[in-house]
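These notes concern the structure reproduced below.
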Amino acid sequence: MPPSASFQDLIVYSDEVRQALAGGRPVVALESTIITHGMPFPRNVETARQVEDDIRAEGAVPATIALMDGRIMIGLADADLDRLAQAEDVMKCSRADLTFALATARYGATTVAATMMAAHAAGLKVFATGGIGGVHRGAETSFDISADLDELARTPVCVVSAGAKALLDIPKTLEVLETKGVPVIAYGTEDLPAFWSRSSGLKAPYTLNSAQDIGALLKMRERFPGHGGVLIANPVPREHEIPRDEMTGHIDAAIRKAEAENVRGKDVTPFVLGAILDLTGGRSLETNIALVRNNARLAARIAAELV
Ligand code: PSU
Ligand code: MN
């Protein structure tokens, strides 16, 4: 995706991010759909600020990405973060929605896919999130496969996640990632993490045990023209995990509720996350916050390897 001059004109950097890039300091991209569609107010905005501070504490600079007034914001000022977290009608923007939101000057929260596009255009190489989208259960009839997977295949950004959200079909998600040439690396474990749980029950394709080793892999990828992204799966800290056998029932119930209410397309992930929040009595939110913070800290250390 060679960015055109006019596309670059749409990018607005925060002062903090502009100075970091000019000074060759590490920067970590952050998505905004997790703020607007993944967590309830006011925990969403509190978490967004906390995650930014976690990145600063590791010596890197956070760049929360969102679409506002026809511009691609790379780093949000405090007031803009507040506006986004509370605004009604924020669009959930994946690749298909990005230009629509910009052309109509709507508020747009970027998913993993759209955040990767924006991060790459802005010169950022490392991005921290919670869990990526993937192949939904029943995709063989619904065809519901997240655009995050295609973006990982085409856009050279390292995405630090806690794995694929356990509400997905994780074996099929892994198959698609392999087909599309995306390396999947578990951090410090042989098991593939499953978002709220430290293990999906599947072995991870690869394991690396340090930010330095991940940095070396990314530098190797850069030597190959047309290489795409890399997915890091970082298990949630043990004290915050909800074990897999405990999550299974909640996930099944949430998916049944989505089917009963005929939820479709891009509404599925936010709906199921909300239902799981209710079913776990709010515990899934605490786990979600802990894993995002954990991913942000690792992403900052990886970004430091690349400057
Ligand atoms: N992880 C979270 N909460 C979220 C998401 C991920 O902890 O809200 C969002 C991400 O933005 C991801 C999106 O890209 O859900 C996937 O949506 P879909 O399945 O519609 O592609
Ligand atoms: Mn989908």
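Taken together, the values in this text are just the output of simple stated rules run on the coordinates, not laboratory data. Here the structure is a predicted model, which is why all the values come from computation and not from measurement. No Cβ is skipped: glycine too gets one built from the backbone with ideal geometry, and neighbour counts run over all protein chains shown.
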Dipole in debye (nearest 20) - the stretch 28-74, about Cα centre, beta carbon charges: Lys, Arg +1; Asp, Glu -1: 120 debye
With the cut-off at 24 Å, report for the stretch 152-307 the share of all Cα pairs above it, as a whole percent. 36 percent
Longest exposed-loop-site-free stretch of the chain, with trypsin sites (Lys or Arg not before Pro), DSSP loop and at most 16 other Cβ within 10 Å? 1-136
Linear extension gain, Lys219 paired with Ala87, 0.36 nm per residue minus alpha-carbon span: 43.6 nm
With +1 on each Lys and Arg Cβ and -1 on each Asp and Glu Cβ, how big is the dipole of the stretch 1-142 about its Cα centre, in debye rounded to the nearest 20? 340 debye
How large is the direction-averaged shadow of the alpha-carbon convex hull of the chain, in nm²? 14.4 nm²
Positive end of the charge dipole of the chain (Lys, Arg +1 and Asp, Glu -1 on Cβ, about the Cα centre): tell me which of Thr33, Leu218, Asn288 has its Cα farthest that way. Leu218
Given unit charges at Cβ for Lys, Arg (+) and Asp, Glu (-), the dipole magnitude of the chain about its Cα centre in debye, nearest 20, is 560 debye
In whole Å, largest first, the alpha carbons of the stretch 87-231 cover along the principal axes 45, 37, 27
Can you give me the long-range amide H partners of Ala186? Hydrogens built in the peptide plane at 1.01 Å from N, cutoff under 5 Å, separation of 5 or more residues or another chain. Tyr206, Thr207, Leu208, Ala233
Sequence of Val112, Val90, Val28, Val307 once ranked by neighbouring C-beta atoms within 10 Å, starting from the fewest: Val307, Val90, Val112, Val28
Amide H contacts under 5 Å for Val135, placed H, 5+ residues apart: Ser146, Asp169, Thr173
What does the C-alpha gyration tensor say about the overall shape of the stretch 239-279? Classify as rounded when a/c is under 1.5, otherwise prolate if a/b is larger than b/c, or oblate. prolate
If I take every Cα pair under 8 Å that is 6 or more residues apart in the chain, average their sequence separation and divide by the length, what percent do I get for the relative contact order? 19 percent
Along principal axes, Cα extents of the stretch 215-307, largest first, whole Å: 49, 33, 19
Under 5 Å, built H, 5+ apart or other chain: amide partners of Ile72: Ile11, Val12
Taking the square root of 5 times each eigenvalue of the Cα gyration tensor, what semi-axes in Å does the equivalent ellipsoid of the stretch 1-157 have, largest first? 23, 18, 16
Using the C-alpha gyration tensor of the stretch 2-80, what are the square roots of 5 times its eigenvalues, in whole angstrom, with the largest one first? 22, 18, 9
